[in-house]
Amino acid sequence: MNKKDNFQKKIMTYVALLGLAIIIAVYFLIFQKNMEKAEKIENSNRSLSARVTQLKTYYDKQNENKKDIAVMEEQIDAMLSKYPADVREENILMVAIDSLEDNEVDYKNITIGGREALKAIPLETVQNAGMEAYQNPIIFAQRKVGLVNSTNYFDLKDIIALINSSTDKCTINNIVYSKNENDNCLDGTIEVTYYFALGTGREYEEVDFKKYTAGLNDLFNLKTEEELAAEAASEESNDEE
């Protein structure tokens, strides 16, 4: 091999090496970067595809979800409707008034506690629920009551049944009685807790006392106007005699 052929061979080798270097440079600078971008796009598309699939599932179930939400709203309304907007003294006194109509009971004292908050649902939670009927924080509260009285066993059972059947949202917490040896009556206390909810938008319903007779002689309305008139006439007749 002469020097000319050797030189040409070296030139071809350099050219080949240069071409290989250019190819490698192109690979790293362009092709590989494009592959990395393609891989990122593929990963992103995979994530977007999963998201689209998830959204499609929500879309396909939106009518069913709307029905479920409507049912839940009805259940919430039904639950809150059981709680009055407030519990006032007259609500509690009605229990004593009603129990005196058909039972032999002597109330010694009725203790009425103040309003106590039990659980609060913040305004943000209420607003996030998206229920237009409720625009305020909802607060569940209670009032504790002690009915101190003297009665007999059978009437005590009637009073307990009366409280349990009350339309008020209340529970009997404790019943403590002891026998009075002097008159064979039962002396004791019925402890009751009344519950109500603030922020539901409902108005307090006044207690209807119209069917009860008012007067100093009959504070708890045991007698009708006719009975009171008859008693007054009888007293006048006795005075004349």
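Nothing in this text is a laboratory measurement; each read-out follows from the coordinates by a stated rule. Nothing here was measured: the structure is a model prediction, and the numbers come from that model. Here the Cβ is made from the backbone with ideal geometry for all residues, glycine too, and neighbour counts use every protein chain on show.
A few notes on this one:
- Ranked packing of 48-61, 92-105, 177-190, most packed first, by mean Cβ within 10 Å: 92-105, 177-190, 48-61
- Extended-chain gain in nm, criterion 0.36 nm per residue less alpha-carbon gap, Glu132 and Glu203: 23.9 nm
- Gain in span if fully extended, Glu191 to Lys169, counting 0.36 nm per residue against the direct Cα distance: 6.5 nm
- Extension gain for the segment Arg115 to Asn152, taken as residue separation times 0.36 nm less the Cα-Cα distance, is 10.2 nm to one decimal.
- Sorted by Cβ neighbour density within 10 Å, fewest at the top, the residues Ile159, Ile110: Ile110, Ile159
- When segment 142-198 is reduced to its Cα atoms, the Kirkwood hydrodynamic radius in Å: 12.1
- Placing pseudo-labels 7 Å out from each Cα toward the beta carbon at Ala85 and Leu123 gives an inter-label distance of 1.9 nm.
- Listing Leu198, Leu156 from fewest to most neighbouring C-beta atoms within 10 Å gives Leu198, Leu156.
- Size of segment 81-195 as Cα extents on the principal axes (Å, biggest first): 62, 22, 18
- Taking other C-beta atoms within 10 angstrom as a stand-in for reagent exposure, Thr200, Thr111 fall in the order Thr111, Thr200, fewest first.
- Pairs of alpha carbons in segment 53-92 separated by more than 16 Å make up 59% of all such pairs.
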